[in-house]
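Working notes, structure below.
Coordinate-derived values only; no laboratory data. This is a predicted model, so every value here is computed, not measured. Because the Cβ atoms are built from the backbone with ideal geometry, glycine has one as well, and the counts that use them run over all protein chains shown.
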Amino acid sequence: MNGLILIEDFEKFKHGMEIFLMPPDFSVGTTPSDIIYTEDKMTLLHYIPTVEKPHPVPILIVYALVNRYYILDLQPDKSVIKKLLDEGFDVYIIDWGYPSGSDRYLTLDDYVNGYINNAVDKIKERSGLDKITLLGVCQGGTFSVMYAAQHPEKVENLVTLVAPVNFDSDTGLLHIWAKSLDVDKIVDYYGIVPGDFLNGGFLLTDPFRLMIDKYVGLFDRIESCQDDTECQLRNEETIKNFLRI
């Protein structure tokens, strides 16, 4: 019995590695959109409505600087953006782009009262309304809270998801570690703090789950297919989902 299980596990591993060595084509951020405004590396996207009469108050989604905006639009059946559109909302989102050395001179004021404010004004101009809804995610939620506090006359609704706001806390490892970091020294050394540096901090909060267990879980989901075409397609879709995330 153990020998059969070992053979099956080997077949699953072998098939999974074959897919990884020739990864399937996949795409993210597939919901149709138009670019309506650009400034430096920032791009403001407007998603094409999917209903005849969208809700009159548009939504501006502000995502984090350290992530890509299309995380909310990974694929058609796993898309926050598409769900909002199908529910009748008029949706905009900010793509912050990729930073370069010149961005080391940007301040929070540049992001909040510069880029975000200009994006809000552009949406107000297009909609003809005085106020919009801000949906801030992660660090973008922190930015949105700052913006709403300074420009309440432009914000109809404020919604935040997983947004760090209370930094005087010892409830998480990142909060504890951050209090001991010499941020000025890090910025002076790097200029633009690399993504790998930040990602390393997140991984260390739960290293086994984030660096090992997720790959073990992936191979657990891969089926031993032999010549079963439908099974192979299911495995390919499993790998696509994993690579998107």
Original post:
What relative contact order, as a whole-number percentage, does the chain give when Cα pairs under 8 Å and 6 or more residues apart are counted?
Top reply: 21
Original post:
Of the peptides 235-241, 92-98, 198-204, how do they stack up when ordered by the mean number of other Cβ atoms within 10 Å, highest first?
Top reply: 92-98, 235-241, 198-204
**OP:** Express in whole angstrom the spacing between the alpha-carbon centres of the stretch 36-81 and the stretch 198-218.
**Re:** 28
**OP:** Under a 10 Å cutoff between Cα atoms, tell me which one of ILE116, ILE186, ILE35 has the largest fluctuation in the Gaussian network model of the chain.
**Re:** ILE186
Original post:
Counting DSSP beta bridges with both partners in the chain, what percentage is antiparallel, nearest 5?
Top reply: 50
**OP:** Considering only DSSP beta bridges where both residues belong to the stretch 31-165, give the percentage that are antiparallel (nearest 5).
**Re:** 50
Original post:
Highest GNM mean-square fluctuation, the chain, Cα pairs closer than 10 Å: which of TYR147, TYR69, TYR189?
Top reply: TYR189
